[in-house]
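A.B. asks: Below is a structure I'd like to ask you about.
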Amino acid sequence: MLRIETEREEDGRWIAEVPALPGVLAYGATEGEARGKVQVLALRVIADRVENGESLPGEIAGFFEAA
């Protein structure tokens, strides 16, 4: 399970980030919007890493199992 952290900026926007995936952060007008956007981005980053044979964060490294 990947943790999402959220924080409200001074200008009222919300920012959400996934600390286990450096650079995966997204802004939204609401906390829910920011969380949704960062989930989509995290999935894209994970898919890209799998496609390119790169390592996954420890929190999800065992998510896939060879049959």
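The values are calculated or read from the model by the stated rules, or taken from the named source; none is laboratory data. This is a predicted model, so every value here is computed, not measured. We place every Cβ from the backbone using ideal geometry, glycine too, and count neighbours over all the protein chains shown. Surface areas here come from the heavy atoms of the whole protein model, side chains and all, with no ligands, DNA or RNA. Shrake-Rupley method; radii C 1.70, N 1.55, O 1.52, S 1.80 Å.
A.B. asks: Testing MET1 on (1) touching a Phe, Trp or Tyr at 6+ places or on another chain (Cβ under 6 Å); (2) open to solvent by 60 Å² or more (accessible area, probe 1.4 Å); (3) aliphatic (A, V, I, L, M), one condition comes back false. Which one is that?
C.D. replies: (1)
A.B. asks: Can you confirm whether segment 7-14 contains a residue that is within 12 Å of the chain's Cα centre (by Cα) and open to solvent by 80 Å² or more (accessible area, probe 1.4 Å)?
C.D. replies: no
A.B. asks: If ARG35 passes every condition in (1) part of a helix (DSSP H, G or I); (2) open to solvent by less than 70 Å² (accessible area, probe 1.4 Å) but one, which one does it miss?
C.D. replies: Evaluating ARG35 over (1) part of a helix (DSSP H, G or I); (2) open to solvent by less than 70 Å² (accessible area, probe 1.4 Å) leaves (2) as the failure.
A.B. asks: Tell me which of these GLU54 doesn't satisfy, since it passes every other one: (1) assigned to a loop (DSSP other than H, G, I, E, B); (2) open to solvent by less than 70 Å² (accessible area, probe 1.4 Å).
C.D. replies: (2)
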